[in-house]
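Some notes on the structure that comes next.
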Amino acid sequence: MTQVQTTVFILWADRFDEAAAAVFISALREAGVRVKVVGLSVQRAVGVHGLALVPDITLEQALSIAGQAVCVIVPADGVSMRVAGQDPRLREFFGVTAMQGARFIVGPGNG
């Protein structure tokens, strides 16, 4: 019997909070959790403080493994999320991960 690997997805797009994203990525990977940073727009997006991060996978790739989600982290404020949220692929991703029972953490960090 094959065991499905669980994954924490961290969404990444322009104007998202790179400080919050970096803390989650570092802490979770250090703890041995499988984390995938998902690019919502371009290959390289620049955060609210000017730091560019390169995602591990694209949103299309994330859709194909969305059933593995245990958590989805969205390090963004309401304005940034509204812009990104207009993408129908993102709505599909949220739907699949929610049906999987994934927890959602949404909002910017304290930076």
Degrees separating the helix 18-30 axis from the principal Cα axis of the chain, which is the longest one: 30 degrees
Translational diffusion coefficient (Stokes-Einstein; Kirkwood radius from C-alpha pairs) of the chain at 20 °C, 1.002 mPa s, in µm²/s: 155 µm²/s
Highest-MSF residue in the chain out of Val37, Val74, Val23 [GNM, Cα springs under 10 Å]: Val23
Mean residue ellipticity (222 nm) of the chain, computed from DSSP H runs ≥ 4 via -39,500 (n - 2.57), nearest 500: -10000 deg cm²/dmol
Degrees, to the nearest 10: 88-99 long Cα axis against longest axis of the chain: 50 degrees
Computed lengthening from Ala98 to Val46, 0.36 nm per intervening residue step minus Cα-Cα distance: 16.0 nm
Summed side-chain charge close to Pro108 - residues other than Pro108 whose Cβ falls under 9 Å, Lys, Arg +1, Asp, Glu -1: -2
Amide proton proximity set for Val106, modelled H, under 5 Å, gap of 5+: Val74
Alpha-carbon Debye profile of region 23-69, log10 I(q)/I(0) at 0.25 Å⁻¹: -1.01
Estimated D of region 1-55 in µm² per second, where Rh is the Kirkwood radius over Cα pairs and Stokes-Einstein applies at 10 °C, 1.306 mPa s: 134 µm²/s
Candidates Ala62, Ala76, Ala22: whichever shows maximal mean-square fluctuation once the chain is modelled as a Gaussian network with Cα springs under 10 Å: Ala22
Under 5 Å, built H, 5+ apart or other chain: amide partners of Thr7: Ala69, Val70, Cys71
Whole-number accessible area per residue in Å² for the chain, which is evaluated in the context of all protein chains at 1.4 Å: 57 Å²
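The values are calculated or read from the model by the stated rules, or taken from the named source; none is laboratory data. Please read all numbers here as calculations on a predicted model, not as lab measurements. When we count neighbours, we look across all protein chains shown, and the Cβ atoms used for this are built from the backbone with ideal geometry, even at glycine. Surface areas here come from the heavy atoms of the whole protein model, side chains and all, with no ligands, DNA or RNA. Shrake-Rupley method; radii C 1.70, N 1.55, O 1.52, S 1.80 Å.
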